[in-house]
Amino acid sequence: GLPPALPVLPLELTVLYNSLLFSVGASDSAIKGEAEGIRQGLLRVLEAFGAGGQDLSTEELWQKVLQEVTAEELRAPLHRLGALQAAWWLAARRLGSTAGLCRLLGQPEETGISTEAAQLPATCARLQGENELLSLLKAWQVPAEDASLPLVQSAQDLKEILCTTAAFLQGLQELQAENFPTALSLLQEAAGGFCSKRVLAQIYTCLGCCAQRMGKPQTALQYLKRALQVDFQCLPALSHVAAVYHELGETDVELQALALLYEALEKNPPAAASSSPHFLMRTELLVHTPILASLLRLRHPSEVKYLLAQRCLQDGRVADAVEHYLDVLTLLQEGLQQQVPLDGSSALPRIPEVFLEAASALEQAGRHQDAITMCDEVISRTTDLIPRMLVVEEQLEQPECPSPGAGLAGGLLSQKKESLRCLAWRAAGYLHQGWAWAMLGKSKEAITQFSRCLGDLLRVQLCGPGVCVSSVPENLPEVEVLQKIRLLSLIGRGMQFLELGRHKEALLDFQHSLQISPGDPAAASYLVQVLWKLNRKQEAAARWQKFFHSHPREDGQQGRPFPLYLVSCLQQVVFPHGESLASSIRDYLQTTDLDPSS
């Protein structure tokens, strides 16, 4: 409440500087909001000189103070406060305001008291081509400290932290904007700056991610390994290492990295690494951006275990995949999925898909009864979530210009898509059970499950101008998956009819399969085979010639990749007798004096 006096202002500003730093250090959390104490300190300085500035913005206040207050004894205290203000603005990602303040701090004063700052133009010329904010920070000459006024953190140390922070923040901005060469340069600048081991490991991790996105996986691995050398608790770096090896197709090393990551997470979830506790203001308190949080997000053990299961299944390591999937399901049943983010960044798919992938792994491992039990779980949990009839319009995209009822329409769209997903999961459960019974040699039970799958899919009706039930709107991947399940069920049931010698019923299923997917080689092959068995050899030969000359390399899997839980079913329907059937047809064509190449 006392009026400001020039003789004691340096002490007052120093106390303010120290108290703000103590406040930051005590909270040990990211800096947010405005530093009101700095603003009040600047107003006190102006008041001491008979001026005011209550109506000015903080930027205008700084400009007024630094241009009008020329007292030599206030120069160092004001520069210290300026460094703190720059820290607050960097934390708020106000880079323009920070650059403007640094420009003011570096300006030579008319009284000649700032002789070092007068060298600013020459310094900036040397730094030409560098980032402007970094150039200004580097060119800013911090005044000498008064030994009689003790500081809890020197302004010179704070300047070094500001340089590191500015490079780090802007590198992240450029990385998010996909300006990768610029991002790499700025992050390399940050890595050479003044920071703790924890932050240095984070910077190297970001450098690794940047190099990976630039298509330089080996460089990415070097940076990520450097991050782990600097701070072995930087587990996000290990997660990115696994991702790079996956990109390189080096499955063995990828699985080793994932196993190490899972082991580390299980043994001791990493705490914050030591971060130079003698510094109250630190880089980690100033850099908190969404992209950094995304790059450094630590995966939950259930996510890592799922990645191990998924990679093993994709690589054909079925026994390992089964073990990992069962571990994942144990973790999920313990409720740990509640700790997994729901913003789409998780490696875990929806829980029914995990069950279906586990069922697929069990099937491939020959544990068919276990696979049937696993699918029962999916079927029972989704039954109450599926409407009796589901009508899908041809266009399910939301309009670009939303109408007053667009919110309601968007909600209905989301609900309809969710119903389609639930239907796909349950139908896939019946599909897998059909294949499991088939592998157990129980054709009748298999036919029952395939029929249940097809009956489920009759709940979906596509409508719209000129749209038939078998067509798939391009904007509906959910319907495309349902159509693939329908195709696989028809082929599977037809195959079981063949096993039982019910050739006419098999013929109908294979014909329907080709109506759904005219270019599918498995459906076409089985159709030719059943015609051949029905002694309709001329029709079979004609079909064979027409299809395989029109689709010589068709594999039936063009377009979007299908869910992993369908891959084993796609493998089941591959026609195994292609060469022998083709040979029989060629022989038939030659004996009937028809041209086999026509």
Taking the Cβ of I386 as the centre, find all other residues whose Cβ is under 12 Å away and add up their charges (Lys, Arg: +1; Asp, Glu: -1). +3
Under the 0.36 nm per residue contour assumption, what length would be gained going from the current alpha-carbon distance of R94 and I291 to full extension? 69.3 nm
Ordering R421, R388, R311 by accessible area with a probe of 1.4 Å, largest first, what comes out? R388, R421, R311
For an R0 of 35 angstrom, estimate the FRET efficiency from the Cβ-Cβ distance between H549 and S451 and round to the nearest 0.05. 0.55
Roughly how many nanometres apart are two label points built 7 Å out from the Cα toward the Cβ at E539 and S583? 2.7 nm
Full extension from K504 to R213: what is 0.36 nm times the residue separation minus their Cα-Cα distance, to one decimal in nm? 99.3 nm
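With Cβ to Cβ distances under 12 Å as the rule, what net charge do the other residues near T14 carry (K, R +1; D, E -1)?
With Lys, Arg at +1 and Asp, Glu at -1, the neighbours total -3.
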For labels at F232 and A259 in the simple 7 Å Cα→Cβ model, what's the distance in nm? 1.9 nm
To the nearest Å², the heavy-atom accessible area per residue of the range 185-237 with 1.4 Å probe amounts to 42 Å²
Give the distance, in whole Å, between the Cα centre of the range 1-19 and the Cα centre of the range 205-273. 50 Å
Report, in listed order, any pair from K484/K504; K444/K533; K305/K442; K216/K417; K225/K305 with a Cα-Cα distance greater than 30 Å. K305/K442; K216/K417
Share of accessible surface on carbon and sulfur in the range 181-273, whole %, 1.4 Å probe and ligands ignored, is 50 percent
Could you compute how much accessible surface D252 exposes when probed at 1.4 Å, giving the result in Å² to the nearest 10? 90 Å²
Would you mind putting 35-44, 376-385 in packing order, based on average other-beta-carbon counts within 10 Å, highest first? 35-44, 376-385
Determine the gain in length on full extension of the stretch S23-V8; use 0.36 nm per residue of separation and subtract their C-alpha separation, reporting nm with one decimal. 3.1 nm
Hey, could you grab the Kirkwood Rh for the range 162-313? Inverse mean 1/r over distinct alpha carbon pairs, Å, one decimal. 15.7 Å
What nm distance separates the two modelled labels at Q571 and T591, each placed 7 Å from Cα along Cα→Cβ? 3.7 nm
FRET E, pair A71, T182, Förster distance 41 Å, beta-carbon r, rounded to 0.05: 0.50
Largest-first ordering by accessible area, 1.4 Å probe, given options K537, K197, K225: K197, K225, K537
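The values are calculated or read from the model by the stated rules, or taken from the named source; none is laboratory data. Owing to the predicted nature of the structure, the values given are computational and were not obtained by experimental measurement. Neighbour counts run over all protein chains shown; Cβ positions are idealised from the backbone, glycine included. Surface accessibility is based on the protein's heavy atoms, side chains included, excluding ligands, DNA and RNA. Shrake-Rupley method; radii C 1.70, N 1.55, O 1.52, S 1.80 Å.
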